[in-house]
Amino acid sequence: MSKRSRRAAPAPAAGAGAARPTVTVCRGCCCGTPKVPGLDHTAQLRGLREALDGTATVRVTDCLDACERANVIVVQPSPAGRRAGGRPVWLGLVNDPDATADIATWIEGGGPGLTEPPGILDLYAFSPSRRVRAELDE
């Protein structure tokens, strides 16, 4: 069993985040640390928050237990995206500002289930273990 802890995301205003995709950014033991050199982790998170303000809820978690793929970002569909068949998309090795921009552009277009991701994001997509996926939904 994992002993992950999570930083609480601010609660959205009434109805504000209900229809949005959710972007979970790992900032645990490996993600967001000097173990991933050459990336301004603070700028990456700030850039996502700025780009997705009003479009998606961006939250931070301490660890998604996919450390070998640091930095990890999970994009969860909006309710409309889920109804259209969208499922959470796990992206690893997001250590390039261009990848972060591609993720933001995709989400601005609707995200999982509503808009096809740019083909380049196929290079970052992976399937986590069943246990890790279940813990994200807790």
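The values are calculated or read from the model by the stated rules, or taken from the named source; none is laboratory data. On a predicted model such as this, the values are computed, not experimentally measured, just so you know. Positions of Cβ are backbone-derived with ideal geometry, glycine not excepted, and every protein chain shown enters the neighbour counts.
Is it true that residue 96 is of a type in the set (Asp, Glu), at pLDDT below 95 and over 14 Å from the mean Cα position of the chain (by Cα)?
Numbers: of a type in the set (Asp, Glu): yes; at pLDDT below 95: yes; over 14 Å from the mean Cα position of the chain (by Cα): yes.
Answer is yes for this residue.
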Test for residue 123: is it closer than 16 Å to residue 48 by Cα, modelled with pLDDT of 95 or more and of a type outside the set (Gly, Ala, Ser): no
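Tally time: how many residues in the stretch 13-44 are at pLDDT below 85 and over 21 Å from residue 89 (Cβ atoms)?
Applying the first criterion (at pLDDT below 85) to the stretch 13-44 yields 13-18, 29.
After this cut, where a residue has to be over 21 Å from residue 89 (Cβ atoms) as well, the list is 13-16, 29.
Of the residues in that region, 5 qualify.
Residue 76 - would you say it is among the polar types (S, T, N, Q) and either closer than 16 Å to residue 112 by Cβ or touching a Phe, Trp or Tyr at 6+ places or on another chain (Cβ under 9 Å) (or both)? Before the answer, list the steps.
Numbers: among the polar types (S, T, N, Q): yes; either closer than 16 Å to residue 112 by Cβ or touching a Phe, Trp or Tyr at 6+ places or on another chain (Cβ under 9 Å) (or both): yes.
Answer is yes for this residue.
Could you list, in sequence order, all residues of the stretch 126-138 that are of a type outside the set (S, T, N, Q) and either at pLDDT below 95 or in contact with a Cys (Cβ under 7 Å, 6 or more places away or on another chain) (or both)?
Here is the first cut: in the stretch 126-138, the ones of a type outside the set (S, T, N, Q) are 126, 128, 130-138.
Result: 128, 130, 131, 132, 133, 134, 135, 136, 137, 138.
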